[in-house]
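Q: What follows is a single structure, and I will ask about it in a moment.
The values are calculated or read from the model by the stated rules, or taken from the named source; none is laboratory data. Keep in mind it's a predicted model, so treat the numbers as computed, not measured. Backbone-built Cβ (ideal geometry, glycine too); neighbour counts: all protein chains shown.
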Amino acid sequence: MSADSCLADPAAQTLAKPARAEPTRLFGAAAALFTVMLWAAGLVATRFGVTGTLSLWDVVFLRLALPALILLPVLLRHPPRRPSSAAEQPRYPLVLAVLVAGSGLPFLLTSSGGMVFAPAAHAGALMPGSMPLFAALLAVLLLGERFTPSRRLGILLMLLGAIAVGGWQILHDTGNTWRGDLMFVAAGAMWACYTIAMKKSGLGVWQAAAVVYVASFLAYAPVYLLLDSRLLVAPLFEVGVQVFQSVASGLLSMAAYGFAVRRLGAASAAAFGALTPALTALLAIPLLGEWPELATWAGIVAVSLGVALANGAVSGYARSNQQKG
């Protein structure tokens, strides 16, 4: 059948559409999977950085420096502007402050600091698991949102998974792992605040990223110069890993995730985040030699299922099947 006959025949057009749609969704799924792999690799790289020659302060500096330099032109060309509403103007500086704190310097110090005490698998489970929990709480309190039954179940599973990962350590570990676990949960709460501030700010994704990275670097660089740095004595490979991850898990993952959202929709793309805990744990085994305990694996499974349900993976799959039917 020729291309002209496909255009003329409605039945042929109907049959031809899925053939074009499937590659689009396939590319979107590949981008979402690539994003999750970058997130997991970023967590493992941070753990590698803070447990090697570099200090926590060096790792945070390297994670901020290059993205801030890359995004500075974006901020100069598109600076944030106060909202036109007179009622919103007095609160706008606070919104920007929460934006920077929730995903910038305070977040990096908290999440990376947790890596000093706890393994990467705990970060991979507790941060993605606690972020939706706090985001859901804030959405109810501030935005008046209501939960579907599947989202309630997802939140319950994430809570149980977090308890399995972190609570087990508090009860049975005499070391400092629990300190890192609490820092991961705190980082999840900070990121949840960022998501709310992002909605309130009215900024685009890249514009917000520019505000976060540039403001964080400008605040941190003068303080970092006063700290005991190991940057000049660290192996080049360790420094290179952090520099690469600053772009890969920060900027590149942002671009890949945006592509996935355009191809799959927000809910379907977000559901891929359920793979982050398991991928982080699996990457940490060969790269860091960290084998999760049985309780940690149970928590990872619970958190992964919870994230998928909370992000609408089941409802999205059902809608997709109905449309195909």
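Q: So is residue 164 crowded, with 17+ Cβ neighbours inside 10 Å and closer than 18 Å to residue 270 by Cα or not?
A: Spelling it out, it is not the case that residue 164 is crowded, with 17+ Cβ neighbours inside 10 Å and closer than 18 Å to residue 270 by Cα.
Q: Taking the condition under 17 Å from the mean Cα position of the chain (by Cα) and either of a type outside the set (A, V, I, L, M) or on the phi > 0 side of the Ramachandran plot (or both), does residue 128 pass?
A: Numbers: under 17 Å from the mean Cα position of the chain (by Cα): yes; either of a type outside the set (A, V, I, L, M) or on the phi > 0 side of the Ramachandran plot (or both): yes.
Against the criterion (under 17 Å from the mean Cα position of the chain (by Cα) and either of a type outside the set (A, V, I, L, M) or on the phi > 0 side of the Ramachandran plot (or both)), residue 128 qualifies.
Q: Given the options 38, 26, 72, 33, name the one that is modelled with pLDDT of 95 or more and either in contact with an Asp or Glu (Cβ under 8 Å, 6 or more places away or on another chain) or not polar (S, T, N, Q) (or both).
A: 72
Q: A further question follows. I'd like to verify a number: residues in segment 274-294 that are within 21 Å of the chain's Cα centre (by Cα) and either charged (D, E, K, R) or closer than 10 Å to residue 36 by Cα (or both), how many?
A: Of the residues in segment 274-294, 6 are within 21 Å of the chain's Cα centre (by Cα) and either charged (D, E, K, R) or closer than 10 Å to residue 36 by Cα (or both).
Q: Is it fair to say residue 191 is surrounded by fewer than 19 Cβ atoms within 10 Å (Cβ to Cβ), hydrophobic (A, V, I, L, M, F, W, C) and either assigned to a helix (DSSP H, G or I) or within 18 Å of the chain's Cα centre (by Cα) (or both)? Let's see the steps before the verdict.
A: On the way: surrounded by fewer than 19 Cβ atoms within 10 Å (Cβ to Cβ): no; hydrophobic (A, V, I, L, M, F, W, C): yes; either assigned to a helix (DSSP H, G or I) or within 18 Å of the chain's Cα centre (by Cα) (or both): yes.
So residue 191 fails the test.
Q: Here are some residues: 149, 128. Which one is at pLDDT 75 or above and exposed (fewer than 15 other Cβ atoms within 10 Å of the Cβ)?
A: Just a single option satisfies the conditions, and that option is 149.
Q: Further, regarding this structure: Which residue pairs have Cβ atoms closer than 7 Å, lie 6 or more positions apart in sequence or on different chains, and pair a first residue in segment 104-133 that is more than 19 Å from residue 158 (Cβ to Cβ) with a second residue that is outside any helix (DSSP H, G or I) and among the polar types (S, T, N, Q)?
A: Close Cβ pairs (under 7 Å, with a partner that is outside any helix (DSSP H, G or I) and among the polar types (S, T, N, Q)) amount to 117/176.
Q: Based on this model, can you work out whether residue 258 counts as touching a Pro at 6+ places or on another chain (Cβ under 8 Å) and within 20 Å of residue 276 (Cα to Cα)?
A: no
Q: Restricting to segment 228-249, name every residue that is of a type in the set (Phe, Trp, Tyr) and surrounded by 15 or more Cβ atoms within 10 Å (Cβ to Cβ). Spell out the reasoning first.
A: First pass over segment 228-249, keeping only residues of a type in the set (Phe, Trp, Tyr): 237, 244.
Selection gives 244 alone.
Q: When the residues of segment 204-262 are narrowed to those that are out of contact with any helix residue (DSSP H, G or I) (no Cβ under 6 Å at 6 or more places or on another chain) and among the charged types (D, E, K, R), which ends up nearest to residue 80 (Cα to Cα)?
A: 262
Q: Check whether at least one residue in segment 39-51 is touching a Lys or Arg at 6+ places or on another chain (Cβ under 6 Å), assigned to a loop (DSSP other than H, G, I, E, B) and more than 15 Å from residue 190 (Cβ to Cβ), and report yes or no.
A: Within segment 39-51, not a single residue is touching a Lys or Arg at 6+ places or on another chain (Cβ under 6 Å), assigned to a loop (DSSP other than H, G, I, E, B) and more than 15 Å from residue 190 (Cβ to Cβ).
Q: So which residues in segment 279-296 are modelled with pLDDT of 90 or more and in a helix (DSSP H, G or I)? It would help to see each step written out before you state the result.
A: First, the residues of segment 279-296 that are modelled with pLDDT of 90 or more: 279-291.
Residues satisfying the conditions are 279, 280, 281, 282, 283, 284, 285, 286, 287, 288.
Q: Does segment 85-96 hold any residues that are exposed (fewer than 13 other Cβ atoms within 10 Å of the Cβ), hydrophobic (A, V, I, L, M, F, W, C) and at pLDDT 70 or above, and which are they?
A: Scanning segment 85-96 gives a single hit, 94.
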